[in-house]
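Asker: The structure that follows is given in the form of C-alpha coordinates.
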Amino acid sequence: QVQLVESGGGLVQPGGSLRLSCAASGSIFRFNVMGWYRQAPGKQRELVAAITNGGDTNFADSVKGRFTISRDSAKSTVYLQMNNLKPEDTAVYYCNLRQSVSNYWGQGTQVTVSS
(Lines give C-alpha, C1' and ligand atoms only; values in the text may rest on other atoms or scores of the structure.)
Protein backbone atom coordinates (compact mmCIF):
# COMPACT_ATOMS: atom_id res chain seq x y z
CA GLN A 1 0.00 0.00 0.00
CA VAL A 2 0.98 3.61 -0.59
CA GLN A 3 -0.07 6.69 1.35
CA LEU A 4 0.00 10.20 -0.11
CA VAL A 5 -0.11 13.31 2.08
CA GLU A 6 -0.61 16.69 0.43
CA SER A 7 0.05 20.17 1.75
CA GLY A 8 0.27 23.74 0.53
CA GLY A 9 -3.21 24.66 -0.64
CA GLY A 10 -4.99 27.85 0.34
CA LEU A 11 -6.45 31.16 -0.78
CA VAL A 12 -4.46 33.37 -3.13
CA GLN A 13 -5.20 36.43 -5.22
CA PRO A 14 -5.13 36.29 -9.02
CA GLY A 15 -1.55 36.53 -10.24
CA GLY A 16 -0.23 35.00 -7.06
CA SER A 17 1.69 31.78 -6.45
CA LEU A 18 1.33 28.62 -4.41
CA ARG A 19 3.45 25.52 -4.00
CA LEU A 20 1.86 22.15 -3.36
CA SER A 21 3.76 19.24 -1.87
CA CYS A 22 2.91 15.55 -1.76
CA ALA A 23 4.87 13.04 0.29
CA ALA A 24 4.50 9.37 -0.55
CA SER A 25 5.19 6.54 1.86
CA GLY A 26 4.78 2.80 1.87
CA SER A 27 5.60 0.30 -0.85
CA ILE A 28 6.91 2.53 -3.62
CA PHE A 29 8.36 0.94 -6.72
CA ARG A 30 11.41 2.26 -8.54
CA PHE A 31 9.41 2.95 -11.69
CA ASN A 32 6.39 5.17 -11.15
CA VAL A 33 4.65 8.32 -12.22
CA MET A 34 3.63 11.01 -9.74
CA GLY A 35 1.35 13.84 -10.60
CA TRP A 36 -1.39 16.27 -9.75
CA TYR A 37 -5.00 16.28 -10.82
CA ARG A 38 -7.70 18.81 -10.02
CA GLN A 39 -11.46 18.85 -9.81
CA ALA A 40 -13.57 21.97 -9.85
CA PRO A 41 -17.23 21.94 -8.74
CA GLY A 42 -19.42 20.36 -11.39
CA LYS A 43 -16.47 19.29 -13.52
CA GLN A 44 -14.55 16.09 -14.08
CA ARG A 45 -11.20 15.46 -12.50
CA GLU A 46 -8.43 16.44 -14.92
CA LEU A 47 -4.69 15.99 -15.16
CA VAL A 48 -2.67 19.09 -14.28
CA ALA A 49 0.88 17.78 -14.47
CA ALA A 50 2.81 14.55 -14.09
CA ILE A 51 6.44 13.50 -13.78
CA THR A 52 8.05 10.10 -14.19
CA ASN A 53 10.82 8.71 -12.01
CA GLY A 54 13.13 9.60 -14.91
CA GLY A 55 12.08 13.24 -14.89
CA ASP A 56 9.86 13.32 -17.98
CA THR A 57 6.99 15.75 -17.52
CA ASN A 58 3.53 16.32 -18.97
CA PHE A 59 1.30 19.36 -18.47
CA ALA A 60 -2.27 20.32 -19.27
CA ASP A 61 -2.35 23.00 -21.95
CA SER A 62 -4.13 25.37 -19.57
CA VAL A 63 -1.17 25.46 -17.15
CA LYS A 64 1.80 25.33 -19.52
CA GLY A 65 4.19 28.20 -18.85
CA ARG A 66 2.66 28.88 -15.42
CA PHE A 67 3.06 25.62 -13.46
CA THR A 68 6.13 23.48 -12.95
CA ILE A 69 6.40 20.01 -11.45
CA SER A 70 9.41 18.48 -9.76
CA ARG A 71 10.21 15.55 -7.53
CA ASP A 72 12.70 14.54 -4.90
CA SER A 73 13.03 10.81 -5.38
CA ALA A 74 15.06 10.38 -2.21
CA LYS A 75 12.12 11.78 -0.24
CA SER A 76 9.41 10.30 -2.52
CA THR A 77 7.97 13.78 -2.72
CA VAL A 78 6.47 15.65 -5.66
CA TYR A 79 5.99 19.41 -5.86
CA LEU A 80 3.73 21.60 -7.96
CA GLN A 81 4.81 25.22 -8.26
CA MET A 82 1.88 27.31 -9.45
CA ASN A 83 2.56 30.84 -10.67
CA ASN A 84 0.33 33.51 -12.18
CA LEU A 85 -2.72 31.78 -10.76
CA LYS A 86 -6.11 32.50 -12.30
CA PRO A 87 -9.63 32.17 -10.88
CA GLU A 88 -10.19 29.21 -13.21
CA ASP A 89 -7.41 27.34 -11.37
CA THR A 90 -9.72 27.12 -8.35
CA ALA A 91 -10.27 23.44 -7.55
CA VAL A 92 -9.43 20.62 -5.20
CA TYR A 93 -5.98 19.37 -6.17
CA TYR A 94 -5.22 15.68 -5.76
CA CYS A 95 -1.83 14.02 -5.67
CA ASN A 96 -1.56 10.79 -7.66
CA LEU A 97 0.96 7.96 -7.86
CA ARG A 98 0.81 5.27 -10.52
CA GLN A 99 2.98 2.17 -10.42
CA SER A 100 2.49 -1.18 -12.12
CA VAL A 101 -1.29 -1.64 -12.27
CA SER A 102 -1.99 0.36 -9.11
CA ASN A 103 -3.25 3.93 -8.81
CA TYR A 104 -3.13 5.86 -5.53
CA TRP A 105 -4.70 9.18 -4.52
CA GLY A 106 -4.19 11.73 -1.80
CA GLN A 107 -7.05 13.25 0.17
CA GLY A 108 -7.00 16.50 -1.81
CA THR A 109 -6.13 20.08 -0.97
CA GLN A 110 -8.25 23.11 -1.81
CA VAL A 111 -6.79 25.89 -3.96
CA THR A 112 -8.91 29.03 -4.25
CA VAL A 113 -7.91 31.93 -6.48
CA SER A 114 -9.98 34.99 -5.72
CA SER A 115 -9.64 38.68 -5.03
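Asker: Taking 0.36 nm per residue of sequence separation and subtracting the Cα-Cα distance, how much length would be gained by fully extending the chain between K75 and A40, in nm to one decimal?
Answerer: Roughly 9.7 nm would be gained on extension.
Asker: Of all the accessible heavy-atom surface of the chain, with the other protein chains kept in place and a 1.4 Å probe, what percent is carbon and sulfur?
Answerer: Solvent-exposed carbon and sulfur of the chain make up 47 percent of the total.
Asker: Over the chain, with the other protein chains present, what is the accessible area per residue in square angstrom, probe 1.4 angstrom?
Answerer: Ligands and nucleic acids excluded, the figure is 53 Å² per residue.
Asker: When the chain is treated as a GNM, springs tying every alpha-carbon pair under 10 Å, which of S100, S62, S21 comes out with the largest mean-square fluctuation?
Answerer: Between S100, S62, S21, it is S100 that shows the largest mean-square fluctuation.
Asker: Another question, if that's okay. Report relative contact order for region 12-110 in percent, whole number only (criteria: Cα-Cα under 8 Å, sequence separation at least 6).
Answerer: Averaging sequence separation for qualifying contacts and normalising by length gives 35 percent for region 12-110.
The values are calculated or read from the model by the stated rules, or taken from the named source; none is laboratory data. Source: prediction; values computed, not measured. Surface areas here come from the heavy atoms of the whole protein model, side chains and all, with no ligands, DNA or RNA. Shrake-Rupley method; radii C 1.70, N 1.55, O 1.52, S 1.80 Å.
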